[in-house]
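This report refers to the structure that appears directly beneath it.
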Ligand SMILES: [Zn+2]
Ligand SMILES: [Zn+2]
């Protein structure tokens, strides 16, 4: 269960510039939207028609002609999947579900947090629709196939109770790991946010036990900020890397 040569696009959406990743199997056109938290119309226009602003980062075609030349079938969104339920990651899932009648997957330990998506957005001064309710739970320590896209599910609590990292399994590697706000390039997720279950020791333990054993060349897609790799963070991350010592620097990351 692995795919070859996935097409990944990243959109920094909303005021918190959250990374929404759109992952497509070039062989089948099956597409998964990870953390479709904001700017739903921008995502829809691009995924369906290559119209509008498009992604901020991509390893694939940027027009329908290029996609045809590459032999990629029309894209079909097969699932919405979330790393966690903070509103910047999940607030506009209901708008995407209106357009794509597919299932939405979230770890069940973030069910309560998800009920707060609208009120949290308002507290930050943003609008969001009535929160979505997840259709299916992410099941840790299994490989879940969304259409033809296989993701190994890693439960990594600490930033939120139900936070998960989603490892797209690629034939011959490198794998692509979507970590939400668990890990950043040079940082880790905040553990001080209200109603969330944040705990630095739990977060560090999640990273040490679930992420550091992964292949060094695994490409890490954080929920905010630049891409990195497991090998680079394991060696250099000042909070949880090999040189961090017990407890890391501060027990507090910089992004929500
Ligand atoms: Zn978060
Ligand atoms: Zn975030």
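The values are calculated or read from the model by the stated rules, or taken from the named source; none is laboratory data. What you are looking at is a predicted structure, and each value in this text was computed from that prediction instead of being measured. All Cβ positions, even for glycine, are placed from backbone atoms using ideal geometry, and neighbour counts span all protein chains on display.
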Check your understanding: Of the residues 89, 84, which is touching a strand residue (DSSP E or B) at 6+ places or on another chain (Cβ under 8 Å) and assigned to a helix (DSSP H, G or I)?
Key -> 89
Review point. If we keep just the residues of segment 17-44 that are part of a loop (DSSP other than H, G, I, E, B) and either away from ligand 1 (no atom under 16 Å from the Cβ) or modelled with pLDDT under 95 (or both), which is surrounded by the fewest Cβ atoms within 10 Å (Cβ to Cβ)?
Key: 27
Review point. How many of the residues making up segment 72-115 are under 16 Å from the mean Cα position of the chain (by Cα) and either surrounded by 24 or more Cβ atoms within 10 Å (Cβ to Cβ) or within 16 Å of ligand 1 (Cβ to nearest atom) (or both)?
Key: 19
Check your understanding: What strands (runs of 3 or more DSSP E) completely inside segment 139-228 contain at least 2 residues that are within 16 Å of ligand 2 (Cβ to nearest atom)?
Key -> 164-168, 176-180, 219-222
Review point. Before we move on, is residue 13 crowded, with 18+ Cβ neighbours inside 10 Å, under 20 Å from residue 104 (Cα atoms), within 16 Å of ligand 2 (Cβ to nearest atom) and in contact (Cβ under 8 Å) with a residue 12 or more places away in the chain?
Key: yes
Review point. Would it be correct to say that residue 155 is surrounded by fewer than 21 Cβ atoms within 10 Å (Cβ to Cβ), closer than 20 Å to residue 183 by Cα and in contact with a helix residue (DSSP H, G or I) (Cβ under 9 Å, 6 or more places away or on another chain)?
Key: yes
**Study point:** Total residues in segment 123-144, condition modelled with pLDDT of 95 or more and loosely packed, with under 15 Cβ neighbours inside 10 Å
**Key:** 8
Practice item. Filter segment 92-109 for residues that are part of a helix (DSSP H, G or I) and within 15 Å of ligand 2 (Cβ to nearest atom) and give the result. Key: 93
